Structures are given as structure tokens and as C-alpha cells.
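First up is the structure itself, then whatever we jot down about it.
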Amino acid sequence: MRDDRYTHGHHDSVLRSHRWRTAENSAGYLLGHLRAGDRVLDVGCGPGTITCDLADLVGPDGRVLGIDRAESVVDEATAAISARGAANASAAVGDVYALDAADDSFDVVHAHQVLQHLTDPVAALVEMARVCRPGGVVACRDADYAAMTWAPADPRLDRWLDRYRAAARANGAEPDAGRHLLGWAHAAGFDDVTPSASVWCFATPEDRSWWGGLWADRVTSSALATQLTEQGLAPPDDLADMAAAFRRWADDGDGWFAVLHGEVLCRVP
């Protein structure tokens, strides 16, 4: 297993975001390509919310395996699967660079917000293609941080975005992955690729409170905060300012935040 460093870590402020994700709000571009009885691999499954939804969508004759590098979140995904009664789903520790599966084992291989954190996303795509049957689909969706936009303007949020992107790049990752997915897919050997884009938008009072609150916590309490400090990118006072900016944005009745995602559906030859 490569020693790629996950910029966000697994603080509760991160997992609060992951638990919110569903197949509908995070994998809409894939849903029309799922069939009853499909075998699905969910790479980077986190706490398993999307995994459970995919299990529902492929029906009792289908099978979904969620994998993640972090044993603690695999345990949470296993608990979520049990709570949902998803008898056709399971979760395990796994490495996207060396998947514990034979060639052609799955009909669909899915990864949400994974490639942006990898030092070699093309190698990961090659490995995902290996375990996907000919004619199957490798589906990836990743945010593009440089394309995120919000109102009202706040220079402290500009600084947050700049510092986050610097921290991710210091880890050998690509925070603007969304715009690179098509190129990475071509580099991995896919010729039949359908690219698309979609957004998350946070603008209601409830959404602003949730989004602003979890990012305020991330920049002060998560692995990101530790990395920003260790890398000399932001002293504690700067982190506190960024957190305050997120809380101020959340309280603003005109607050609006959009997260652009790139998406690719890659047909395996």
C-alpha cells in the first residue's frame, strides 16, 4: 500500500460531510448505467452511505463491495450496511493501487472524491479497469477546488482556498482534480469516455450552517489543520481567522457556495 497522505484525515468534521453523501447527490451521472444484478466496487467508500444506496439500486441479486484504506471508517461502513439491512453489501480495507480482486470481477467500479487525493491517479484508474469486466464502467467524480466559488467575498476564504490547495499539493495530490479526470482517463488507456460536470450548492440557512460549520471545524481541528501548521502554510491565528470567515459566511442571509465536480464514465474495452 502506497503511503499517500489523506489531506483531510478522518476527524468528525470530515466524516460529517461524508455521511451526508448519497448516490443521488454524489453519483447522479452513474445511476442510469446501473442494472439489477450488477457487481459493484465502491472505492474509497468512507462511512458507506453511497455504498448502501448502490446496493439498493442493483437489487438483491447484485453485490456491492466498499473499500477504504482506513480501518476505522470501514468499521463505520460495516455498521451502516448492517443498520440498512443491505445484505448484498459489505466493506473491507483495501488499496486502490493493488485491489484484492481478480481481473474482470465487477461490472461497475465507482470512486467518489478519491483521485484528487492520490499521488498517481492514472495508476489507480488502470487498476480499477483491471478488475472491471470488458464492457463495464469505471466511474469517477471529483471536486475542483480552484473552481469553487462563493458570495459574499471574503479575503480570508480566498486565503483558505489558497492554503488548502497548497497543502494538498505538498502531499503530492491534485486538489483541482475535476478538470483533469478526462485527461487521466485517456492516459489510463480509456478511449470511450463520457465526461460531465455537476455541482453541490449550499445556500439555504440549514445548508450554510452545516457546510460553514464543518469547514470551520476542519481548519482548526482536523488533519488539515495539523498539516497547514506543520508545512508552515498557516499559523494557528490564520486558521482561527479562516474558521471565523466560514462562520460569518454561514450566518449571512446572502451566503452562497458552489462546489464544481468533474465526472467521467469510462467504458472498459
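Points worth noting:
- Share of carbon and sulfur in the accessible heavy-atom surface of region 151-269 [1.4 Å probe, %]: 51
- With all protein chains kept in place, the per residue accessible area of the chain amounts to 41 square angstrom at a probe of 1.4 angstrom.
- The simple Förster model, with R0 at 35 Å and r as the Cβ-Cβ distance, assigns His33 and Ala153 a FRET efficiency of 0.35.
- On a per residue basis, the convex hull of the C-alpha atoms belonging to the chain measures out at 111 Å³.
- Projecting the Cα atoms of Phe106, Thr119, Ala70 onto the charge dipole of region 49-145, computed from C-beta unit charges around the Cα centre, puts Phe106 farthest toward the positive end.
- In region 81-176, one over the average inverse separation of all distinct C-alpha pairs is 15.8 Å, which is the Kirkwood hydrodynamic radius.
- Under a 5 Å amide H cut-off, with hydrogens placed 1.01 Å from N, Ala91 pairs with Gly66 among residues at least 5 apart or on other chains.
- One Cα centroid belongs to region 172-216, the other to region 51-88; the line between them spans 23 Å.
- Whole-Hz couplings from phi, Karplus 6.51/-1.76/1.60, listed for region 70-87; x for Gly and Pro: 8, 4, 5, 7, 5, 4, 5, 4, 4, 5, 5, 4, 5, 5, 7, x, 7, 5
- Shape of region 117-248, Cα gyration tensor, a/c cut at 1.5: prolate
- Separation of region 117-136 and region 1-37, taken as the distance between their Cα centroids, equals 17 angstrom.
- With a simple spin-label model that places each label point 7 Å from the Cα along the Cα-to-Cβ direction, the separation between Arg2 and Asp254 comes to 4.4 nm.
- Treating each Cα of region 29-103 as an identical point scatterer and summing with the Debye formula, the log10 of I(q)/I(0) at q = 0.17 Å⁻¹ comes to -0.57.
- For region 10-98, the relative contact order works out to 27 percent when only alpha carbon pairs closer than 8 Å and six or more residues apart are counted.
- Sulfur and carbon atoms: percent of accessible area, region 62-118 [1.4 Å]: 50
The values are calculated or read from the model by the stated rules, or taken from the named source; none is laboratory data. If you're wondering where the values come from, they're calculated on a predicted model, not measured in any experiment. Methodologically, a virtual Cβ is constructed for each residue, glycine included, from the backbone with ideal geometry; neighbour enumeration extends over all protein chains shown. Protein only, heavy atoms only, side chains kept; ligands, DNA and RNA dropped before computing areas. Shrake-Rupley method; radii C 1.70, N 1.55, O 1.52, S 1.80 Å.
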